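See below for the structure under consideration.
The values are calculated or read from the model by the stated rules, or taken from the named source; none is laboratory data. Keep in mind it's a predicted model, so treat the numbers as computed, not measured. With ideal geometry, Cβ positions are generated from the backbone for all residues, glycine too; neighbour counts draw on all protein chains shown. For the accessible areas, the whole protein counts, side chains as well, though only heavy atoms, and no ligand, DNA or RNA atoms are used. Shrake-Rupley method; radii C 1.70, N 1.55, O 1.52, S 1.80 Å.
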Amino acid sequence: MSWIKENKFAAVLGGSTLVGAGLLYFLGTMGADKYEAAKTRFDEAATAASTYEKLPVYPKAANRDGKRAAIDDYRKALEGLQKTFAPYRAAEIKNISPQEFTDHLLAANKETRDAFEAVGTVVPEPYFAGFSRYKTVLAPATTTGILDYQLGALKNILMDLAKSRPTELKNVFRPPLPEEEGQAYNPGNNVARAFPLELTFVASEKSVREFISALNKVDKQFVVVRSMRITNLRKDPPRATDAKFDTPVTAKSSGAAVPDFVIPGETPAPAEAPKPEESKKTAGSSRILAQVLGTEELGVFIRLDVLQFLPVKLPN
């Protein structure tokens, strides 16, 4: 005790330090316990969340079963669409020799040109069925398959246009494919590949209507009209002198009407001939209205897409 009395400052300092160290240890122990408890709760929650995230739908089995049923219905709907479009889906497209493609191109060019000329349609000289870049050179061997597929579709469309009897075919424009430029085609998430085609021609209204209707029936091809511009080539308004009358069909008569039926054993009495005033009145009422509009020549520009349906991609 004498030492403490003689060294009060050192004794107080030492005691305070000891008490502070004990207090810090106590607080540190409490904090460590809270940290461990919090970490344990976090790990449990993270494990549970990870388990839930791996389920199709959580947390109820009814929701999971509902999602499975929805996916099954969606899959069936997709399969139905695939069956609907199956006739338009081309078989595996394989490359052919460049010379074989050239032979197909020459045959298509002759067939379509002959079809146009047979109905009196004027065809441009650099026509070549839209493949003029291969008029003097062979197509690359790596592109002949897809080019031959496009050629078949283009030929069918041109043959339908020829059947509609247009007055003049102005132009056939086929944008080059990426493969022709040395690039690869990337389908991405597309379900179909579009082959654009632009046609410019002159035709009557009836001819245009027939061709547009035929696009819905192109053999083994699905054609979409992207845009169309129609211009009336006649700039002046119609005049009375432009009117055209259809010739009415008049029934030939011997001057006597025959009754609808005759009683057996009796001779039918001759019917009275119509009076001149009645004949004139009847002939005047049978006059057909004049056709003033609808015979003009139309300038048509139409942009089409021929769709090649790509391989089926169903959800897992």
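Quick notes on this one:
- Backbone geometry of the range 157-173 corresponds, through the Karplus equation with coefficients 6.51, -1.76 and 1.60 at θ = phi - 60°, to 3J(HN,Hα) couplings of 5, 5, 5, 5, 5, 5, 5, 7, 6, x, 6, 8, 9, 7, 7, 10, 10 Hz, x marking Gly and Pro.
- Per-pair calculated FRET efficiency, R0 = 22 Å: ASN63 and LYS34 via Cβ, rounded to 0.05: 0.05
- Close amide-amide hydrogen proximity is noted between GLU297 and LEU233, ARG234, each under 5 Å apart and 5 or more residues distant or on a separate chain (H modeled in the peptide plane; Pro and chain starts excluded).
- In order along the range 116-121, the phi-based Karplus estimate (6.51 cos²θ - 1.76 cosθ + 1.60, θ = phi - 60°) of 3J(HN,Hα) comes to 5, 5, 5, 9, x, 7 Hz; Gly and Pro are listed as x.
- Remark: the range 33-121 carries a charge dipole of roughly 500 debye about the Cα centre, counting +1 on each Lys and Arg Cβ and -1 on each Asp and Glu Cβ.
- Residues of the range 66-197: accessible area per residue with a 1.4 Å probe, Å²: 56
- Backbone amide hydrogens, once placed in the peptide plane, bring PHE222 within less than 5 Å of LEU307, excluding anything fewer than 5 places away on its chain.
- Efficiency of FRET from Cβ geometry, ALA91 and THR136, R₀ 30 Å, rounded to 0.05: 0.45
- Multiplying the residue separation of ARG75 and GLU205 by 0.36 nm and removing their Cα-Cα distance gives an extension gain of 42.4 nm.
- Paramagnetic reach from THR84 in the range 190-225 [backbone N under 20 Å; point 7 Å along Cα→Cβ]: 190-194, 215-225
- C-alpha center-to-center spacing [the range 181-242, the range 128-149] in angstrom: 22
- Given +1 at the Cβ of Lys and Arg, -1 at the Cβ of Asp and Glu and no other charges, the dipole of the range 69-168 around its Cα centre is 100 debye to the nearest 20.
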